1. Among the residues of the stretch B:37-47, is any in a loop (DSSP other than H, G, I, E, B) and either at positive phi or modelled with pLDDT of 85 or more (or both)?
2. Would you check which residues across the stretch A:55-65 are within 9 Å of another protein chain (Cβ to nearest Cβ) and in contact (Cβ under 8 Å) with a residue 24 or more places away in the chain and list them?
3. Take residue A:51 and decide whether it is outside any helix (DSSP H, G or I) and touching a helix residue (DSSP H, G or I) at 6+ places or on another chain (Cβ under 6 Å).
4. Tell me, which residue of the stretch B:22-36 that is facing chain A (nearest Cβ under 7 Å) and surrounded by fewer than 19 Cβ atoms within 10 Å (Cβ to Cβ) is modelled with the lowest pLDDT?
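The values are calculated or read from the model by the stated rules, or taken from the named source; none is laboratory data. None of these values were measured; they are calculated from a predicted model. Cβ: placed from backbone, ideal geometry, glycine included. Neighbour counts: every protein chain shown.
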């Protein structure tokens, strides 16, 4: 979805704002774009839950590694990354909704980059544990 | 879970509403799985604990469904969605962060 498409489809009889993040000029965007923004939030939240569940599984289910704190070294960054993704998904949903109401371009999301870097870093930790943490 | 009625003067949302309901269902299942994984490993279930754990998971499902229903019903009312959505998404994020905190605490309690 592009911001232009969202702007073009703004409902003409929009609702004036009453909460702090909205101005009287704001109008509700096309319901389809609101749905799409909501689904994006939910998808990021599921990603966060998957990261947290994987982190918990890594700390609780993996057999004890030779390296002290090995399981925690693997699981805690996953849980932390999940928490960051969860918090950021709310901020991103809010920013997208605000931009659509105001007819502004959609803000750029850093979440795919953060997620990629985080997962690559955790993968590197796993490889390092496998290489140096065992006999 | 119920399907969402569009506001009377809204443009046809096509299948977007249906996709959104499915996304809510997937997210609900993800929450249940995450809670179950945490409960299973934080709490060594014994005796009637299984029933209590099942009850807690059921309660989480009910809370999730009620939250979703509130948001769905607010779509039909002008101005209600914006305020309800903000609260609902904040609640979901807070719940996810709470699960993360419990996961971190549990990792230090692991044998």
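1. The answer is yes, given that some residue of the stretch B:37-47 is in a loop (DSSP other than H, G, I, E, B) and either at positive phi or modelled with pLDDT of 85 or more (or both).
2. A:55
3. When the stated conditions are applied, residue A:51 does not pass them.
4. So in the stretch B:22-36, the residues facing chain A (nearest Cβ under 7 Å) come out as B:23-24, B:26-27, B:30-31, B:33-34.
After this cut, where a residue has to be surrounded by fewer than 19 Cβ atoms within 10 Å (Cβ to Cβ) as well, the list is B:26, B:33.
Working: B:26: 90, B:33: 86.
It comes out as B:33.
Okay, residues lined up against (1) in contact with a helix residue (DSSP H, G or I) (Cβ under 9 Å, 6 or more places away or on another chain); (2) modelled with pLDDT under 85; (3) within 21 Å of residue A:93 (Cα to Cα):
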{"residue": "B:60", "(1), (2), (3)": "yes, yes, no"}
{"residue": "B:69", "(1), (2), (3)": "no, yes, yes"}
{"residue": "B:78", "(1), (2), (3)": "no, yes, yes"}
{"residue": "B:81", "(1), (2), (3)": "yes, yes, yes"}
{"residue": "B:89", "(1), (2), (3)": "yes, no, yes"}
{"residue": "B:95", "(1), (2), (3)": "yes, no, yes"}
{"residue": "B:98", "(1), (2), (3)": "no, no, yes"}
{"residue": "B:101", "(1), (2), (3)": "yes, no, no"}
{"residue": "B:110", "(1), (2), (3)": "yes, yes, no"}
